[in-house]
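Quick note: the coordinates plus some simple rules give every number you see, no bench work behind them. The model shown is predicted, which means the values in this text are computed figures rather than measured ones. Don't worry about glycine lacking a Cβ; one is built from the backbone with ideal geometry, like all the others, and counts go over all protein chains shown.
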Amino acid sequence: MLKKHFIQPRLGTIEVIDDQQVHFLESGSPNGSPVVVLHGCGSLAQEVLLPLENSQHRLIAIDRPGYGLSSPLPPEERGPLGQSFWLERFLETLEAGPVTIVAHSIGSASALHLAARRPELLKALLLISPCCSPLPPKPLILLRAAVAPVIGPAIRRHIMPRWASFFLRHGLRSSSLPNALPSHLKMLPAGHMIRASAIEAMADELRAFNRDMALLAGEPRQLPVHVLFGSQDLIVDPDRHIGWLRQRYPRLLLKRLEGVGHMPHHVAPAVVVRMLNAIVEEPSPFRAAEPGPLTDVA
């Protein structure tokens, strides 16, 4: 039974930056416009890259710190702000010039912090189901137990990895609702994803989330910010986060997919590709998008 859990992960390139291992996957056209892709909570580069494969752009999907094959950051740096400095170091090592960032869910938080601090490193942001507004506390009983002082090590090192396929399938189904779980996500490497380092990284970035997002500065010059939400997102409340983003980025462009949950990049990948192509083709990072109403896309 355990062999079912150990689907091999997709392996890419490993860079060592300031003694920390950073793993990333590349896809698309090597000569295309550089696009850095950030996954959400509890995921990895392989998942978020799947809907964007065969792009006309140069796609660089990173395992965020502590996930996949990337080293964890020190505990005090694991929130969105600390991860933005980590991302800054990666982009400077990449030497690809200003990049477009595509970020899903909580991956959007570190992208927004980087945009506020170093907008010259970026061409544009495409945020998918972004989790960015400070949030009320949630029970998260299993995750809290997995990082508790006494019982936590046994849970995250033995129990959760042993049942990795179950926990991953449950998490993906919950994130996909009300949509069916896309079949290609069933082939993600559960044993590689449900690891002690990933569980700790998840808990630590959630602990630091509200503190770090309360520190976020305002609009970074005229950087284009485009946002895609599913209207039936049961993980991240669209209205809460759209309202929060509107206050800081009044010129952002918004699209909403009716009947779609937290995974629009898997449910409607063609929409994501069109939005990415449009934002990459904008001629200047200083061009401002006109404010407009929420756009509903069938």
Pairwise centroid distance, computed over Cα atoms, of segment 175-251 with segment 10-58, Å: 17 Å
Here the relative contact order (percent) of the chain, from C-alpha pairs under 8 Å and at least 6 apart, is 20 percent
Taking 7 Å along the Cα-to-C-beta vector as the label spot, tell me the Ala96-Ile159 distance in nanometres, rounded to one decimal. 4.0 nm
Among Trp244, Met263, Ile279, the residue whose Cα sits farthest towards the positive end of the charge dipole of the chain (+1 at Cβ of Lys and Arg, -1 at Cβ of Asp and Glu, taken about the Cα centre) is Met263
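Starting from the Cα gyration tensor of segment 59-117, take the square roots of the eigenvalues, sort them a ≥ b ≥ c, and report rounded, prolate or oblate (rounded when a/c is under 1.5, otherwise prolate if a/b is larger than b/c, else oblate). Kindly include the intermediate steps, with their values, before the conclusion.
On the way: a/c = 1.42, a/b = 1.26, b/c = 1.13.
Rounded.
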Taking a ≥ b ≥ c as the square roots of the Cα gyration tensor eigenvalues, with a/c under 1.5 meaning rounded and otherwise prolate when a/b beats b/c, else oblate, which class fits the chain? rounded
Simple label model, 7 Å out from Cα along Cβ direction - Lys138 to Arg207, nm: 1.8 nm
I'd like the Kirkwood hydrodynamic radius of segment 183-277, using the inverse of the mean 1/r over distinct C-alpha pairs, in Å. 15.9 Å
Highest GNM mean-square fluctuation, the chain, Cα pairs closer than 10 Å: which of Ala278, Ala268, Ala116? Ala278
Counting only DSSP beta bridges with both residues in the chain, tell me the antiparallel percent, nearest 5. 25 percent
Compute the FRET efficiency between Val150 and Gln21 as 1/(1 + (r/R0)^6), taking r as their Cβ-Cβ distance and R0 = 30 Å, and round to the nearest 0.05. 0.50
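In deg cm²/dmol and to the nearest 500, what is the mean residue ellipticity at 222 nm of the chain if only DSSP H runs of at least 4 residues count, each as -39500 (n - 2.57), divided by the residue total?
Details: 10 runs with 100 residues, N = 298.
Taken over the chain, the calculation gives -10000 deg cm²/dmol.
Could you list Thr100, Thr13 in order of exposure, starting from the residue whose Cβ has the fewest other Cβ atoms within 10 Å? It would help to have the intermediate numbers written out before the result.
Values: Thr100 23, Thr13 10.
Placing the least packed residue first, the sequence is Thr13, Thr100.
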Please list, in chain and number order, the residues 5+ apart from Asn179 or on another chain whose amide H is under 5 Å from its amide H, with Hs placed from the backbone. Gly261
Show me, for segment 130-137, the HN-Hα J-couplings you get by feeding each phi into the Karplus relation (A = 6.51, B = -1.76, C = 1.60, θ = phi - 60°), rounded to Hz, glycine and proline as x. x, 9, 9, 6, x, 10, x, x
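Using only the alpha carbons of segment 48-171, what is the convex hull's orientation-averaged projected area in square nanometres? Could you put the intermediate results ahead of the total?
Working: hull surface 37.7 nm².
So the mean shadow area of the Cα hull is 9.4 nm².
Given DSSP loops and a limit of at most 15 other Cβ atoms within 10 Å, what is the longest stretch of the chain that contains no such GluC sites (Glu not before Pro)?
Details: sites that count: Glu53, Glu95, Glu258, Glu281.
It works out to 96-257.
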Using the Cα centre as the reference, give the magnitude of the dipole from point charges on the C-beta atoms of the chain (Lys, Arg: +1; Asp, Glu: -1; all else neutral), rounded to the nearest 20 debye. 880 debye
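Once you order the gyration tensor axes a ≥ b ≥ c over the Cα atoms, which shape class does segment 1-73 get: rounded for a/c under 1.5, otherwise prolate or oblate by comparing a/b with b/c?
On the way: a/c = 2.06, a/b = 1.26, b/c = 1.64.
Oblate, because a/c is 1.5 or more while a/b does not exceed b/c.
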Between Pro269, Pro149, Pro80, which gets the highest mean-square fluctuation from a Gaussian network model of the chain, Cα cutoff 10 Å? Pro149
Under 5 Å between amide hydrogens, which residues at least 5 positions from Val99 or on another chain qualify, with H placed 1.01 Å from N in the peptide plane? Leu122, Lys123
